[in-house]
Amino acid sequence: MSQIYEEVLKANEIYVSTFGDKAQLAMPPSRHFAILTCMDARLDPAKFAGLKEGDAHVIRNAGGRASDDAIRSLVISYKLLGTREWFIIHHTDCGMETFSDSIMEELLEKSLQTAVLEGGQWKDVGKTKGSSEGKYIRWLTIKNQPLSVIEDVLRVRNHPLVPPEIPIYGFIYDVKSGKLIEVEEASKVGKAK
Ligand SMILES: [Zn+2]
């Protein structure tokens, strides 16, 4: 087995040994809120937003975008599990700012292997064959962080399955300081009615 595989199972053993009363946690988030944010490895919502197990829903994807699937999770979060406030958090230096749909399609068409970023340009160095299926996915890339936050808050706000009484806050997390910076325009359009 790989070293990572061993490390994960070892860490889990330690976690289990101190699991304690977390066994009694209820399924609905006790602090009744949800966060939608990027999968970026530098972001740890439990730490930057002060969460412990059982507190909140955290939905993550590339960019923290309000994709159909993210909205599916948010609707379940409210409708079945009672969250009452939502945060949409993008961040500085996001990988989603480094490419466009057409760049991604071209890279995948050359090979499926990991590409490299050289001087701000993606280059495919893979040796195996690629696929043209990349064109069927909307990659939801980002050109401007504040605008993408506003766009996503609006998309959730205007979704027919999202009730008007849920406030949706828009933020950008600064990877250089750990600070959450509110995108005021986004929180304004996300206000509960
Ligand atoms: Zn990101």
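Of all residues in region 172-193, which are out of contact with any helix residue (DSSP H, G or I) (no Cβ under 7 Å at 6 or more places or on another chain) and either open to solvent by 50 Å² or more (accessible area, probe 1.4 Å) or of a type outside the set (A, V, I, L, M) (or both)?
D174, K176, S177, K179, I181, E182, E184, S187, K188, K191, K193
What are the residues in region 1-27 that are open to solvent by 100 Å² or more (accessible area, probe 1.4 Å) and under 27 Å from L81 (Cβ atoms), if any?
Passing the criteria: D21, Q24, M27.
Out of curiosity, is S77 more than 11 Å from the chain's Cα centre (by Cα), closer than 30 Å to Y15 by Cα and not basic (K, R)?
So S77 fits the description; yes.
Considering region 122-170 alone, what residues qualify as being among the acidic types (D, E) and surrounded by 12 or more Cβ atoms within 10 Å (Cβ to Cβ)?
D124, E151, D152
Any idea how many residues of region 23-40 are of a type in the set (G, A, S) and within 16 Å of the ligand (Cβ to nearest atom)?
0
Six or more apart or on different chains, Cβ under 6 Å: which pairs go from a residue in region 95-119 that's closer than 22 Å to R65 by Cα to one that's aliphatic (A, V, I, L, M) and away from the ligand (no atom under 16 Å from the Cβ)? Could you list them?
Between residues of region 95-119 that are closer than 22 Å to R65 by Cα and residues that are aliphatic (A, V, I, L, M) and away from the ligand (no atom under 16 Å from the Cβ), the close pairs are L107/A115.
Would you be able to tell me the number of residues in region 41-62 that are open to solvent by 50 Å² or more (accessible area, probe 1.4 Å), within 16 Å of the ligand (Cβ to nearest atom), of a type outside the set (V, I, T) and touching a residue at least 24 places away in the same chain (Cβ under 8 Å)?
The number of residues fulfilling the criteria is 2.
I'd like to check something: does region 69-80 contain any residue that is in the same structural domain as N158 (by TED's automatic domain parsing) and within 14 Å of the ligand (Cβ to nearest atom)?
The answer is yes, given that some residue of region 69-80 is in the same structural domain as N158 (by TED's automatic domain parsing) and within 14 Å of the ligand (Cβ to nearest atom).
Which residue pairs have Cβ atoms under 6 Å apart, sit 6 or more places apart or on different chains, and have a first residue in region 11-38 that is of a type in the set (D, E, K, R) and a second that is open to solvent by less than 90 Å² (accessible area, probe 1.4 Å)?
The qualifying pairs are K22/E53; R31/D55; R31/A56.
Could you say which residue among R72, R84, R65 is of a type in the set (K, R), open to solvent by less than 20 Å² (accessible area, probe 1.4 Å) and either in contact with a strand residue (DSSP E or B) (Cβ under 9 Å, 6 or more places away or on another chain) or free of Cβ contacts under 8 Å to residues at least 24 places away in the same chain (or both)?
Result: R65 is the single residue among R72, R84, R65 that is of a type in the set (K, R), open to solvent by less than 20 Å² (accessible area, probe 1.4 Å) and either in contact with a strand residue (DSSP E or B) (Cβ under 9 Å, 6 or more places away or on another chain) or free of Cβ contacts under 8 Å to residues at least 24 places away in the same chain (or both).
Tally the residues that are within 15 Å of the ligand (Cβ to nearest atom), among the acidic types (D, E) and either over 29 Å from V75 (Cβ atoms) or crowded, with 19+ Cβ neighbours inside 10 Å (or both), restricting the search to region 87-108.
So the answer is 1.
The values are calculated or read from the model by the stated rules, or taken from the named source; none is laboratory data. No experiment lies behind these values; they were computed from the predicted model shown. Quick reminder, even Gly has a Cβ in these numbers, built from the backbone with ideal geometry, and neighbours come from all protein chains shown. For the accessible areas, the whole protein counts, side chains as well, though only heavy atoms, and no ligand, DNA or RNA atoms are used. Shrake-Rupley method; radii C 1.70, N 1.55, O 1.52, S 1.80 Å.
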